[in-house]
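Here is the structure we will look at.
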Amino acid sequence: MSDNFSNSQVVRKRVVPTRGGVVAAQHKRAAEVGAAILEAGGDAIDAAVATSFAIGVVEPWMSGVAAGGCMVLWRAAEGKAYVVDYGMRSPGSLNPSAYPIVGGEAPDLFAWPRVKDDRNVQGATAVAVPGLVAGMGLAHERFGRLPWRDLVAPAAQLAKEGMLLDWFGGLQIASNARFLALDKDAAALFLEEGKWAPISGWTALTEKRLEQDGLASTLEAISREGANAVYGGDVGAAIAKDVQAKGGCLAVSDLEAYRAHFAEPIEVPYHGGRIFAAPGMTGGPALASSLKKLSETANPSYVDYARVLEQAWRERLQASGDRESCTTHFSVADRHGNLCAATQTLLSIFGSRVVSPSTGVLLNNGIMWFDPQPGKPNSLAPDKRCLGNYCPVIGETPKGERFALGASGGRKIVGTVLQISAFLIDDGASLEEAFHRPRIDMSGMDQVLADVSLPPNELKKLEAAFPVTLARRLPFPYHFAVPAGVLRTGNQNMGCTETLSPWGDAVAEKNSNGQ
């Protein structure tokens, strides 16, 4: 523990209740797109679809057409929760022997043994079958109200304009320029002269934009043809052809065979409230296990959070060992009481750092989710589900408030969702208070990462039970997960995002009939 932290700087985000719908997302521009869909008469699913595609344009290193993920929905008229699973899969022709272990440790997110040429991390050989477009299509087919084309069109327009290269975008590109330069199409898209990050002077007001015409054309095709454009149409064929030309094995047949699906949510009673989480290959089971253990404690503390998370991760890592980092999350509440929590990811930041030149799509590196060592539950194999930690939830407090919540941040996600849910359910915290409270991270690394603003007595308790490292919440890099959530109480909605996220914000529809 170090005392060399100044607490003189305070950053807050204001939560304003509204009778209209709200979208909380990691990028304000994407939240604005979703809020406009609510204003046009769309429901929470319509807004989620529009936000999903838009956020892939304005923060392309996190998500996009080649991403995968999961959403949890609440349908007010039915009083029922649903899960839509659109996780990635490994290609059917993948050959595990093409990923030989050479010793040492992998250079990215996992502590896997290193694979020859980092083939499971970088390049076309790391590309898995994406699921995002199929997942959005399935959710819209079941619950959407507005035409599909109207929901994808705003993202296509954003791509035509090109992403504004502000300081934060420039920082993201600069931090990965060395890897982006390895693929000529990624270098051409993101780097100046294929070498340098496009960062303006520190005092500059810039209107420099990323050229995304190829992505705009792809999104226009998806808006016209629906999900079939990727899973059996020309867009998917072009992506597969480009991946194979660069040495990967993703095939048209993999895309044609892919199916997003509905799943029964895990329902966990908790201290007079309840949480609905995704089952299967997500962080939902780890969250559910943690909540069940935590429910045995009447007034849980940060030490209790750390203990149940440590147990959950010990159990999970014995059977898996995955984590993802560069994910995005958004949550939606509409004026009718429907809620949606959606998390999606390319896995690593900039995914495989490979761009499909025919489509302008930045490709995922989902193969890295698999353990390259054979004979384990999560070992690399063909046509196999990827195991992620995304953990969107729908929750209900003892007062009858409902919330949609999730986060980005790999294995840090589950602990953040657990703590914010507990703040809302156990303590009756407001959404604003819950998002501003200090958090800890215990994600299977045998130590607690603690926010420097934790009360001294809580820090002492933690230090008595675990090794503790102090860290500050920062805009970059993120020491803790990055949450986004909405809450509905009575007939009012509100939203909030990570306080230190420079792009994240909650946006309400304009015709909200007053605040």
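Restricting to segment 231-249, name every residue that is closer than 15 Å to residue 357 by Cβ and part of a loop (DSSP other than H, G, I, E, B).
Answer for segment 231-249, where residues must be closer than 15 Å to residue 357 by Cβ and part of a loop (DSSP other than H, G, I, E, B): 246, 247, 248.
Of all residues in segment 454-508, which are more than 27 Å from residue 40 (Cα to Cα) and among the basic types (Lys, Arg)?
Those that are more than 27 Å from residue 40 (Cα to Cα) and among the basic types (Lys, Arg): 460, 461, 472, 473.
Just to be sure, is residue 365 polar (S, T, N, Q) and either on the phi > 0 side of the Ramachandran plot or surrounded by fewer than 24 Cβ atoms within 10 Å (Cβ to Cβ) (or both)? Can you show your working first?
Numbers: polar (S, T, N, Q): yes; either on the phi > 0 side of the Ramachandran plot or surrounded by fewer than 24 Cβ atoms within 10 Å (Cβ to Cβ) (or both): no.
So residue 365 fails the test.
Working only within segment 14-48, note down all residues that are in contact with a helix residue (DSSP H, G or I) (Cβ under 8 Å, 6 or more places away or on another chain) and among the acidic types (Asp, Glu).
Of everything in segment 14-48, those that are in contact with a helix residue (DSSP H, G or I) (Cβ under 8 Å, 6 or more places away or on another chain) and among the acidic types (Asp, Glu) turn out to be 43, 46.
Check every one of the helices (runs of 4 or more DSSP H) wholly within segment 376-469 and list those with 2 or more residues that are exposed (fewer than 15 other Cβ atoms within 10 Å of the Cβ) and not aromatic (Phe, Trp, Tyr). Don't jump to the end; show me each part of the working.
Values: elements: 412-426, 431-436, 456-465.
Because the criterion is at least 2 residues that are exposed (fewer than 15 other Cβ atoms within 10 Å of the Cβ) and not aromatic (Phe, Trp, Tyr), the helices (runs of 4 or more DSSP H) in segment 376-469 that meet it are 456-465.
Only one of 213, 234 is at pLDDT 95 or above, surrounded by fewer than 17 Cβ atoms within 10 Å (Cβ to Cβ) and more than 26 Å from the chain's Cα centre (by Cα). Can you tell me which?
Details: 213 fails: more than 26 Å from the chain's Cα centre (by Cα).
The match here is 234.
Determine, yes or no, whether residue 223 is among the small types (Gly, Ala, Ser), modelled with pLDDT of 95 or more, surrounded by fewer than 20 Cβ atoms within 10 Å (Cβ to Cβ) and assigned to a helix (DSSP H, G or I).
Taking the combined requirement at face value, the residue does not satisfy it.
State which residue pairs qualify: first residue more than 19 Å from residue 328 (Cα to Cα) and inside segment 379-401, second residue small (Gly, Ala, Ser) and not in a loop (DSSP other than H, G, I, E, B) in any location, beta carbons under 7 Å apart, and separation of 6 or more residues or different chains.
Listed pairs, sorted by first residue: 395/273; 395/421; 396/273; 397/273; 398/273.
Only residues that are in contact (Cβ under 8 Å) with a residue 24 or more places away in the chain and not in a loop (DSSP other than H, G, I, E, B): list them for segment 470-479, please. Working first, answer last.
At the first step, the residues of segment 470-479 found to be in contact (Cβ under 8 Å) with a residue 24 or more places away in the chain are 470, 472-476, 478-479.
The one that is in contact (Cβ under 8 Å) with a residue 24 or more places away in the chain and not in a loop (DSSP other than H, G, I, E, B): 470.
So which pairs qualify, if the first residue must be in segment 185-199 and assigned to a helix (DSSP H, G or I), the second must be of a type in the set (Phe, Trp, Tyr), the Cβ gap must be under 6 Å, and the two must be at least 6 apart or on different chains?
Hits for this filter: zero, empty list.
Starting from residues that are small (Gly, Ala, Ser), modelled with pLDDT of 95 or more and surrounded by 17 or more Cβ atoms within 10 Å (Cβ to Cβ), keep the ones in segment 264-283 and report whichever is nearest to residue 226 (Cα to Cα).
Step one: list which residues in segment 264-283 are small (Gly, Ala, Ser), which gives 272-273, 277-278, 280, 283.
Filter again for modelled with pLDDT of 95 or more, leaving 272-273, 277-278.
Adding the requirement that they be surrounded by 17 or more Cβ atoms within 10 Å (Cβ to Cβ) leaves 273, 277-278.
Values: 273: 38, 277: 28, 278: 25 Å.
Here the answer is 278.
If you scan segment 425-434, which residues turn out to be more than 19 Å from residue 286 (Cβ to Cβ) and either in contact (Cβ under 8 Å) with a residue 12 or more places away in the chain or over 23 Å from the mean Cα position of the chain (by Cα) (or both)? I'd like the intermediate steps shown before the answer.
Quick first cut of segment 425-434, residues more than 19 Å from residue 286 (Cβ to Cβ) only: 426-434.
Passing the criteria: 426, 427, 428, 429, 430, 431, 432, 434.
What number goes with the only condition from (1) exposed (fewer than 15 other Cβ atoms within 10 Å of the Cβ); (2) in contact (Cβ under 8 Å) with a residue 12 or more places away in the chain that residue 296 does not pass?
Residue 296 satisfies every listed condition except (2).
The values are calculated or read from the model by the stated rules, or taken from the named source; none is laboratory data. Keep in mind it's a predicted model, so treat the numbers as computed, not measured. Don't worry about glycine lacking a Cβ; one is built from the backbone with ideal geometry, like all the others, and counts go over all protein chains shown.
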